[in-house]
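Reading through the structure tokens given below for one structure.
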2 protein chains.
Amino acid sequence: MKVGYLGPKSSFTFQAASELFAEDTLVPFASIPLTLEQLEAKKIDFAVVPIENSLEGSVHATVDHLFGQSSITVKEEVILPIRQQLLGTHSMEQPEKILSHPQALAQTKQYLKNHYPGVPLEAVSSTTFAAQYLAKHSREKVLAIASEKAAQEYNLKIIAADIQDNVMNQTRFWVLSTEKKKKKTTNQQNKKATLFITLPANLPGALHQVLAAFAWREIDLAKIESRPLKTHLGEYFFIIDIVLNENEALLENAITEIELLHAKVQWVGRYPINKFT
Amino acid sequence: MKVGYLGPKSSFTFQAASELFAEDTLVPFASIPLTLEQLEAKKIDFAVVPIENSLEGSVHATVDHLFGQSSITVKEEVILPIRQQLLGTHSMEQPEKILSHPQALAQTKQYLKNHYPGVPLEAVSSTTFAAQYLAKHSREKVLAIASEKAAQEYNLKIIAADIQDNVMNQTRFWVLSTEKKKKKTTNQQNKKATLFITLPANLPGALHQVLAAFAWREIDLAKIESRPLKTHLGEYFFIIDIVLNENEALLENAITEIELLHAKVQWVGRYPINKFT
């Protein structure tokens with residue numbers, strides 16, 4: 001089986017993909033739209049892309065590409081802790097600079113302030129680029145912040161492990177497929193469904209009416225978020241994540257009712273959650 | 001009066017600021033956090049920053065900086081159409097490349113495909129950088145996509161006007177202040193309030209309960225969106241925009257009730273809307 005993912009090979013998405021697809025061919029792509037287009041064109045069997053980070057929020061490129069399309073569904077969710085490593089080719093007292101992607105630099109700001117005060121931080125295009133730079137310039141006094149996979153890939157030393165300031169930094173990834181048939185899953189206990197709901201009009205209370213259909217059935221919403229419809233300013237669709245248990249018949253009733261209220265419901269997927277720590 | 005804004009001088013935020021503060025000193029800052037920090041330190045009287053674009057959604061840097069703080073309030077909203085211009089130092093049959101910020105390139109994708117098929121598009125750090133490059137390299141066969149203000153600022157020709165694909169591309173800007181006293185406004189008809197609401201716990205139906213407090217009073221919500229609390233994955237606060245009319249007493253009752261349900265309510269501002277076309 002061929003599994004496409006948001007590359008490069010040392011990315012956190014690669015880590016998520018390899019947790020579920022250890023024995024398959026993993027193919028990196030340069031962007032989220034490119035990965036999903038390969039899936040739509042059936043050049044790959046599965047696509048793995050990030051959907052939400054606990055600090056940054058939803059990954060809009062993924063949400064916006066999935067909105068309005070009907071061929072792709074979510075098969076699995078993978079939740080990974082995001083751990084940043086301080087990497088080097090050798091230990092050094094006082095590095096001349098520290099390289100990383102702006103997001104990784106932001107996530108380790110406090111650590112760098114405490115341990116490397118005054119050392120210039122240089123933003124580069126990706127954590128992989130930072131690791132690559134070190135591997136290619138092994139005699140320079142430069143450190144990089146990147147993933148553990150990057151350390152392995154470029155044969156770098158972990159100078160300090162897990163240096164992210166916020167220990168709760170996690171990312172959700174989705175495994176997507178165009179196949180309708182169910183994939184055997186590792187986890188049958190913990191399941192969710194995701195819907196995209198477009199309200200009939202910007203009526204006062206329209207969203208309240210939709211939520212009421214879930215609330216009186218005690219259907220638990222794990223998340224609700226709005227994204228612009230890209231039509232007019234102030235027009236949105238809603239991303240709604242539902243915790244599944246024995247309520248699936250009730251959920252079907254709720255969706256039928258919501259559609260009778262002239263809201264449009266897109267069923268994005270029904271999927272187990274695979275949480276790694 | 002000193003008004004800080006997200007620069008540079010040819011940015012759309014500058015345009016928004018100059019619509020309301022024609023006779024004041026406008027000072028550009030390099031980022032949204034920097035602009036807001038200057039306001040908090042009372043080095044400027046007002047700050048103008050973007051809050052939402054009709055295609056890209058909320059500006060997270062603005063939302064996240066305002067969450068949890070109490071000194072800054074919204075005084076005015078400015079809505080501007082975002083119009084992209086094709087700029088050059090001279091007309092040319094076949095440019096060697098076209099420069100702009102990735103967002104501006106994305107917003108004019110269809111136009112460029114129809115009128116300049118095969119011409120390489122080069123992503124640069126800002127539309128201003130693209131315009132500056134042209135001004136400095138006037139003999140190269142290069143075009144740029146940037147604002148009308150950038151054309152004026154760098155004395156460039158508008159080769160084609162308003163080339164954005166989506167005519168509904170608009171951005172909302174907020175004028176923020178630490179002053180409690182009301183500013184005289186140009187528009188008393190069209191008003192909104194923004195609240196940040198943190199639910200007491202991740203209970204099924206907690207959001208529904210909060211929305212019910214608005215719905216049965218027929219209080220019109222213009223927007224509801226969630227942002228991560230940056231604590232655990234799956235914990236959010238809600239941005240709620242309310243259309244104000246004669247319902248302000250009702251709104252106060254609703255907020256009192258919501259607080260009695262142990263939700264935390266942050267009053268971000270009550271402000272008139274200034275819409276330019």
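The values are calculated or read from the model by the stated rules, or taken from the named source; none is laboratory data. Because the structure is a prediction, the values reported are computed rather than measured. A quick note on method: Cβ atoms are made from the backbone with ideal geometry, for glycine too, and the neighbour counts reach across all protein chains shown.
Cβ separations smaller than 7 Å between residues 6+ apart or across chains give the following pairs from the stretch A:228-240 residues that are within 13 Å of A:F196 (Cβ to Cβ) to residues that are among the β-branched types (V, I, T) and not in a strand (DSSP E or B): A:I239/A:V63.
Only residues that are part of a strand (DSSP E or B), among the aliphatic types (A, V, I, L, M) and within 12 Å of chain B (Cβ to nearest Cβ): list them for the stretch A:223-275, please. Within the stretch A:223-275, A:I224, A:I239, A:I240, A:I242, A:V243, A:I273 qualify.
Report, by residue number, each residue of the stretch B:148-168 that is under 18 Å from the mean Cα position of the chain (by Cα) and buried (at least 20 other Cβ atoms within 10 Å of the Cβ). Within the stretch B:148-168, B:K149, B:Q164 meet the criteria. As for the stretch B:76-89, it holds at least one residue that is within 16 Å of the chain's Cα centre (by Cα), crowded, with 20+ Cβ neighbours inside 10 Å and of a type in the set (D, E, K, R).
For the stretch B:34-51, how many residues meet the condition of being within 14 Å of chain A (Cβ to nearest Cβ) and either in contact with an Asp or Glu (Cβ under 9 Å, 6 or more places away or on another chain) or of a type in the set (A, V, I, L, M) (or both)? Before the answer, list the steps.
So the first thing to find is which residues in the stretch B:34-51 are within 14 Å of chain A (Cβ to nearest Cβ), and the list is B:50-51.
Next, from what is left, pick out any that are either in contact with an Asp or Glu (Cβ under 9 Å, 6 or more places away or on another chain) or of a type in the set (A, V, I, L, M) (or both): B:51.
The number of residues fulfilling the criteria is 1.
I want to confirm something. Restricting to the stretch B:204-218 and keeping residues that are part of a loop (DSSP other than H, G, I, E, B) and within 7 Å of chain A (Cβ to nearest Cβ), which single residue is nearest to B:R270 (Cα to Cα)? If we take residues in the stretch B:204-218 being part of a loop (DSSP other than H, G, I, E, B) and within 7 Å of chain A (Cβ to nearest Cβ), then B:E218 is nearest to B:R270 (Cα to Cα).
Within the set A:E52, A:E93, A:E56, the sole residue that is surrounded by fewer than 14 Cβ atoms within 10 Å (Cβ to Cβ) and either out of contact with any Gly (no Cβ under 9 Å at 6 or more places or on another chain) or not hydroxyl-bearing (S, T, Y) (or both) turns out to be A:E93. No other residue among A:K192, A:K181, A:K157, A:K149 is under 30 Å from A:K113 (Cα atoms), at pLDDT below 95 and basic (K, R) apart from A:K149. The condition (being without any contact (Cβ under 8 Å) to a residue 60 or more places away in the chain, buried (at least 21 other Cβ atoms within 10 Å of the Cβ) and more than 12 Å from the chain's Cα centre (by Cα)) is satisfied by just one residue among A:F29, A:F46: A:F29.
Could you please let me know if A:T62 is more than 14 Å from chain B (Cβ to nearest Cβ) and either surrounded by 20 or more Cβ atoms within 10 Å (Cβ to Cβ) or touching an Asp or Glu at 6+ places or on another chain (Cβ under 6 Å) (or both)? Step through it out loud before you land on a result.
Details: more than 14 Å from chain B (Cβ to nearest Cβ): no; either surrounded by 20 or more Cβ atoms within 10 Å (Cβ to Cβ) or touching an Asp or Glu at 6+ places or on another chain (Cβ under 6 Å) (or both): yes.
In short, no.
Results for (1) of a type in the set (V, I, T); (2) touching a Pro at 6+ places or on another chain (Cβ under 9 Å); (3) within 25 Å of B:Q170 (Cα to Cα); (4) assigned by TED's automatic domain parsing to the domain that holds B:L66, shown as yes or no for each residue.
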site	(1), (2), (3), (4)
B:N190	no, yes, yes, no
B:A201	no, no, no, no
B:E218	no, yes, no, no
B:K223	no, no, yes, no
B:I255	yes, no, no, no
B:V265	yes, no, no, no
